Amino acid sequence: MLPRIIKETFLRRKKWVAVVFLAVLLGASLASSLLTVYGDVSGKMSRELRSYGANILVRPESAGLELEVGGISYTPPSARVLLDEKELPKIKTVFWKNNITGFAPFLSVLAKVNNETVVLSGTWFEKTISVPQLAPRQFANKAAATKEAPTFTTGIKAIAPWWRLQGDWVTEGDLDEAIVGAEVARKLGIAAGDRFNTDYEGKSTMLKVAGVVTTGGFEDSQVFVNLPLVQQLLGISYGIDKALVGALVTPESKIVRSIKGKRPDKMTPEEYELWYCTPLVESIAYQIEEVIPGAEAGPIRQVSEAESSFLGKTELLVLLITGAALTASALGVMAAMNTMVMHRRREIALMKAIGAHDSQVATIFFLEAGIIGLSGGLAGYLAGLGLAQLIGREVFGMPFSFSSIAFPVTLALAIVIALAGSFVPVRRAIKTEPVILLREV
Amino acid sequence: MSNGTLIDIKGVSKFYNGKVCALDKINLAIGKGEWVSIMGPSGSGKTTLLNIISCLDRPSAGLVIVGGADIGRLDHTELTRFRRETVGLIFQQFHLVPYLDALENVMLAQYFHSIADEEEARQALERVGLGDRLRHMPSQLSGGEQQRACIARALINQPKLVLADEPTGNLDQKNEELVMELFQAMHREGHTIVIVTHDPDVGKLADRRVYLEHGSIRSIE
């Protein structure tokens, strides 16, 4: 009996059924697309934000006692605590290794150029490294161990793609070239292609300006060369002051409140597992400390906090828009269902007059709404999927990955929209005494 | 005629919007198995009285006891259950669901009561002479046929009390006779019947005729 009534409703009230279906479809498609975007936006935005600099600083454990101004160590070379740059490839073996977008070592000295003191920083510009296969905390079989080690290209170009360069990058391994900060170039009156002489404790080096970099930051007043050159000036065969790491991270708001700000050693095993397995800037820094002995890694607060706040706000915005779309959709359903119920008041009155209980009448309407919700949800999910791909391509230049959670959540939301939108009209109709309705007909 | 009282109406009044008096202190007792016609001019309160007896409406004052239950004390749910299990309603306008055929209209009452039984519904329609119209939609039935389908629907759940509001008001002479024969059969089977009618020919078939005027009982014959 019930299927017959519902079928007839759909056949006889096509127009209003279509209006409810459309209202659900619109809400569901927006929810579906925004859920797909929500699931992937952190990753996408984080990837975009990585273009604006590294977010983790790795230093020697006891470097905190050194005299450092503006990121440059003023401690005498003999007293400096250094990290071994050969350990850096291990960064690509941490639990969240795939989230590491790049890293670069830095070793700085204060050198003289035409009686001007400038910071001479040794680094990697675009270095291809071998990633160790047998990482700590991982179990690897012998077959894997004998495979050729995978490589990873990293350096300044990877962690600071936003550098505006006039000229060329320094060729990796070339100890005669330098990239000069714009401020230094202006003071010295040099440009790309020019040569200049540097002096560090009596050791003179002639360098060619490969390019002039403008960042608006501290880089403008430094000179960047390949790392081995600075190591030669310091008379060491290895060693770096620090390394900057770019990692794709998720906002801290993603984890439960009880873990926030807690030290790993104070966490319960469950909290620790959750924290460790979430790509937070703190947990990735912790994992870097695990693989590099004697290193102290921490988030670059200015960057990570701004990033976390930005990502958090972006996600909140997505949620708010989804909420607003669903509310608008439910209101549309309510308006259409209200009209449908009004058109069927005679039928409701008759059902009640011949003994239908309120719940039986409500069941008919809610089942109809549920079926429309389900079908609208299915159609909305597909439409939303398309919309999400459009947003992905237009805004981020790549499609969003398929979200397994979006499908069931969209269907559930669509049914909830349809039922919630029907609640007020159905309640009003079934609460009306049948005698009043019978008098009207 | 009657074996005890089924309906006991004591001092029942009904006001609309607190002002318009539709019924004024009505006292009436209807016995089990009795057939009573409620007659009177338009606006005399006939349908209002019927609505109160059928639990579709509540009195503003007074007591209505049907089958021992004080229906004024029943809540919304209990009133619905009481109506479903005790009362069979027949309307002047038939009020069949237009998109269900005759059989389904009868089964609808079964569905709301307990469980739809197609065979039982078919037998009910055959009893009112619609055995060959089971799958006809209301729009394909004549007025008399629609009213007979309405009677089959009213009787399908074996109600103690059958209430009819102008059941022949929209029928021609031939169909009126057919329908009244069904009422007479119901009466013989022991159903308590209350009919609201203008028609003296219909009224005279009842055991008693209650004449209303301006919401009060003018006379009982």
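We did not get these values from a lab; they are worked out from the coordinates using the rules stated. Predicted model, so just to flag it, every value in this text is computed and none were measured. With ideal geometry, Cβ positions are generated from the backbone for all residues, glycine too; neighbour counts draw on all protein chains shown.
A few comments on the model shown:
- Taking the average, over residues, of other Cβ atoms within 10 Å as the packing measure, peptides A:386-398, B:28-40 rank B:28-40, A:386-398 from highest down.
- Globularity index of region A:172-230 is 1.05 (Cα radius of gyration / 2.2 N^0.38 Å, N = number of residues).
- Residue of B:21, B:55, B:150 that the Gaussian network model of chain B assigns the largest fluctuation, springs spanning Cα pairs under 10 Å: B:21
- Angle between chain A longest axis and helix A:406-431 axis [Cα atoms, degrees, rounded to 10]: 30 degrees
- Cross-link partners of residue B:32 among lysines (Cα-Cα below 18 Å; sequence separation of 8 or more within a chain): B:10, B:160
- Calculated [222 nm] ellipticity per residue, helices only, for chain A: -15500 deg cm²/dmol; basis is -39500 (n - 2.57) per DSSP H run with n ≥ 4, divided by all residues, nearest 500.
- For region B:175-217, fraction of C-alpha pairs farther apart than 14 Å, in %: 51 percent
- Normalised by the number of residues in chain A, the mean separation of alpha-carbon contacts (under 8 Å, six or more apart) gives a relative contact order of 27 percent.
- Using the alpha carbons alone, the radius of gyration of region B:5-220 stands to its Kirkwood radius in an Rg to Rh ratio of 0.96.
- Across all C-alpha atoms in region B:75-150, the radius of gyration and Dmax reach 12.7, 41 Å.
- Violating pairs (Cα-Cα greater than 20 angstrom) within the set B:19/B:46; A:112/A:242; B:174/B:204; A:97/A:313: A:112/A:242; A:97/A:313
- Here, the protein assembly as shown is characterised by an Rg to Rh ratio of 1.34, where Rg is the alpha-carbon radius of gyration and Rh the Kirkwood radius.
- In chain A, the longest principal axis of the Cα atoms and the axis of helix A:281-291 are about 50 degrees apart.
- Within the straight-line cut-off of under 15 Å between alpha carbons, the aspartates and glutamates reachable from residue A:262 are A:252, A:270, A:271, A:273, A:282, sequence neighbours fewer than 8 places apart in one chain being disregarded.
- The aspartates and glutamates whose alpha-carbon is closer than 14 Å to the alpha-carbon of residue A:14, local same-chain residues fewer than 8 away aside, are A:368.
- Computed E for residue A:166/residue A:405 - FRET, C-beta separation, R0 56 angstrom, nearest 0.05: 0.75
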